[in-house]
């Protein structure tokens with residue numbers, strides 16, 4: 001008989017600065033911790049093992065969701081809580097999750113609002129809160145398509161409900177780290193552009209993306225009141241809106257520059 005009520009699933013790569021706080025926020029709630037590590041070069045694995053995690057070591061995939069799905073598949077619990085290493089359960093969310101799994105509800109999954117910390121403050125507007133994410137679900141009900149870097153867990157069939165207590169997200173300890181991730185994510189989008197047979201590196205497509213970027217910025221900064229979050233709100237809206245433009249430039253470069261340029 002399976003006595004594991006709740007499994008925690010995490011994929012990691014060089015997360016020694018985050019993993020301890022993440023796991024401690026779930027302390028006393030999860031019956032097992034499953035971590036799929038993509039060949040970390042720091043102390044991530046040893047810290048996780050010291051805190052009781054079962055660590056599965058593999059390669060660091062270009063699409064990190066593949067390792068997340070591996071962690072989900074390896075879980076044995078009736079319920080699965082999927083977190084990123086830079087996320088932490090708020091005390092209120094931890095209490096609500098405990099209530100839910102103890103009363104065995106009819107719902108197949110739950111989503112909750114995620115608070116995003118950026119440049120020293122919680123973003124409250126600009127479409128960043130409430131940033132609902134589905135992270136708690138019955139085993140076999142939730143899955144990641146593993147097709148895009150920005151995708152979220154999907155529950156193809158079944159009922160999903162909302163927990164209002166927040167999940168705390170600390171993705172960018174510095175602007176340098178934000179820019180590092182921005183560069184990595186735009187690179188992945190450029191690769192997606194390369195695979196599309198219906199997309200070409202033309203001036204028309206570039207200006208089309210420019211117009212979409214302007215609309216996206218105005219939507220985040222004006223319509224969703226990103227200006228309320230001050231300078232951090234402006235920067236987040238701006239860089240989010242130009243994601244596809246930067247990805248297009250990288251895509252154009254890959255299509256047109258076949259050889260290395262001289263230094």
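The values are calculated or read from the model by the stated rules, or taken from the named source; none is laboratory data. Computed from a prediction, not measured in an experiment: that's the story for all the values here. Methodologically, a virtual Cβ is constructed for each residue, glycine included, from the backbone with ideal geometry; neighbour enumeration extends over all protein chains shown.
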Matching residues in the stretch 195-209 - criterion: being in contact (Cβ under 8 Å) with a residue 12 or more places away in the chain, over 15 Å from residue 239 (Cβ atoms) and assigned to a helix (DSSP H, G or I):
205, 206
For residue 14, state whether it is crowded, with 17+ Cβ neighbours inside 10 Å, under 28 Å from residue 183 (Cβ atoms) and in the same structural domain as residue 152 (by TED's automatic domain parsing).
yes
For the stretch 25-48, check the following and say yes or no: at least one residue is loosely packed, with under 14 Cβ neighbours inside 10 Å, touching a strand residue (DSSP E or B) at 6+ places or on another chain (Cβ under 8 Å) and in the same structural domain as residue 127 (by TED's automatic domain parsing).
yes
In the stretch 183-194, is there at least one residue being part of a helix (DSSP H, G or I) and over 24 Å from the mean Cα position of the chain (by Cα)?
no
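Per-residue answers, yes or no, for (1) in a loop (DSSP other than H, G, I, E, B); (2) surrounded by fewer than 18 Cβ atoms within 10 Å (Cβ to Cβ); (3) not assigned by TED's automatic domain parsing to the domain that holds residue 77:
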{"residue": "95", "(1), (2), (3)": "no, yes, no"}
{"residue": "98", "(1), (2), (3)": "no, yes, no"}
{"residue": "102", "(1), (2), (3)": "no, yes, no"}
{"residue": "106", "(1), (2), (3)": "yes, yes, no"}
{"residue": "116", "(1), (2), (3)": "no, no, no"}
{"residue": "136", "(1), (2), (3)": "no, no, no"}
{"residue": "157", "(1), (2), (3)": "yes, yes, no"}
Flagged in the stretch 118-130 as surrounded by 17 or more Cβ atoms within 10 Å (Cβ to Cβ), touching a strand residue (DSSP E or B) at 6+ places or on another chain (Cβ under 8 Å) and part of a strand (DSSP E or B), in numbering order, are 123
Single unsatisfied condition, residue 85 versus (1) assigned to a loop (DSSP other than H, G, I, E, B); (2) under 30 Å from residue 191 (Cα atoms); (3) modelled with pLDDT under 95:
(3)
Taking the stretch 27-39 on its own, how many of its residues are at pLDDT 95 or above and under 23 Å from residue 177 (Cβ atoms)?
4
Could you say whether any residue in the stretch 189-201 is under 25 Å from residue 225 (Cβ atoms) and either surrounded by 15 or more Cβ atoms within 10 Å (Cβ to Cβ) or in the same structural domain as residue 73 (by TED's automatic domain parsing) (or both)?
no
Of the residues in the stretch 220-239, those that are crowded, with 16+ Cβ neighbours inside 10 Å and free of Cβ contacts under 8 Å to residues at least 40 places away in the same chain number 1
Taking the stretch 125-145 only, how many residues are in contact (Cβ under 8 Å) with a residue 24 or more places away in the chain and over 18 Å from the mean Cα position of the chain (by Cα)?
4
